[in-house]
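Taking it in order: structure first as structure tokens, then the write-up.
The values are calculated or read from the model by the stated rules, or taken from the named source; none is laboratory data. Source: prediction; values computed, not measured. Every residue, glycine among them, receives a Cβ derived from its backbone with ideal geometry; neighbour counts consider all protein chains shown. For the accessible areas, the whole protein counts, side chains as well, though only heavy atoms, and no ligand, DNA or RNA atoms are used. Shrake-Rupley method; radii C 1.70, N 1.55, O 1.52, S 1.80 Å.
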Amino acid sequence: MKAVPPMSPPTRQFIDQLHTARDRARAECERVLLNAKGEGRNVLSELEQRAFDGHRADMLALDERIAECRADLERSGIPTHLSRLGLNPQTTSRNIMNNHADARDLVYRRGDNRQSWCRDLIRLWLNLDSDGESRARLASHAQQVVDHPAYMEHRDLSRVDGQGGYAVPPAWLVNQYVELARPGRAFANLVQRQPLPGGTDSINIPKVLTGTATGIQTADNTPVTDVDLTDTYINAPVRTISGQQGVAIQLLDQSPIAFDDLVFRDLIADYASQLDKQCL
């Protein structure tokens, strides 16, 4: 019976590719929802629903695959920062690492011209490491950075501005803009809708004000109840809903996102809210 060699654990680069694919599926789901919202709809069409379900299924499958890869990476014993090198578990075994406290046992030492971290890294990326020595030294050095006392640092600087904080700049997730929450047009979607006739500024709808009546006859040939109905009308004036937002051309040119699209979505959302109030 032929022995099957164990499968190599996934690299961090492969896991990053899975995350990228998941972000694309999530963006497609958001695009479908935003298109429907931009048209003032709270319900997806049949075609949109199929597309949304397909992208959401891809997200769930990628989530499971990412979890499996992370579990395989942990079981292999390879630290996350070493997985970028595509190393085997044997390469990073703690039994072959130089974990002694003496700095002379370090893989790369200052003043040692025989072994260079830059030279080993270049040999690895140019596929010149035929004997595997450069890969082994890089793996040993990476583990020593984590465990060796010579690399341990103790600092009291924090992320407070003026005490090292300016070295940690804020990150702006501009494409993840949080839109203003609005109530939408839930009631307007439920009421009866009729086309507006042209050439008028108001609509009159007849309405029964008081109705007829019936009564119980206590005996044959007794008088029949007779009540006349009355009517009136309901007047619904024609109203328009409008809004605008002035935007500088410089803002549209320099903004890294489609700012005009953001403004239009907000105007449409407020239009839906005002329409719902009119129906109520």
Problem - Spin-label model distance (nm) - ASN42 vs GLN176, 7 Å beyond Cα toward Cβ - result: 2.8 nm
Handout entry: Linear extension gain, PHE264 paired with ASN235, 0.36 nm per residue minus alpha-carbon span
Key = 7.2 nm
Handout entry: Accessible-area ranking of TRP117, TRP172, TRP125, largest first, probe 1.4 Å
Key = TRP172, TRP125, TRP117
Problem - FRET efficiency for ALA71 and SER130, using Cβ-Cβ distance with R0 set to 22 Å, rounded to 0.05 - result: 0.10
Problem - the range 204-280 - percent of accessible surface contributed by carbon and sulfur, probe 1.4 Å - result: 53 percent
Exercise for the section: Take the alpha carbon gyration tensor of the range 153-280, find the square roots of its eigenvalues, order them as a ≥ b ≥ c, and report rounded if a/c is under 1.5; if not, report prolate when a/b exceeds b/c, else oblate. Expected result: prolate
Practice task
Arrange the peptides 265-274, 195-204, 26-35 so that the one whose residues have, on average, the most other Cβ atoms within 10 Å appears first.
Solution key: 265-274, 26-35, 195-204
Practice task
Just read off the accessible area of THR214 with the full protein assembly in place, 1.4 Å probe, to the nearest 10 Å².
Solution key: 130 Å²
Practice task
Hey, can you find the accessible area per residue of the range 174-242 for me, probe 1.4 Å, expressed in square angstrom?
Solution key: 90 Å²
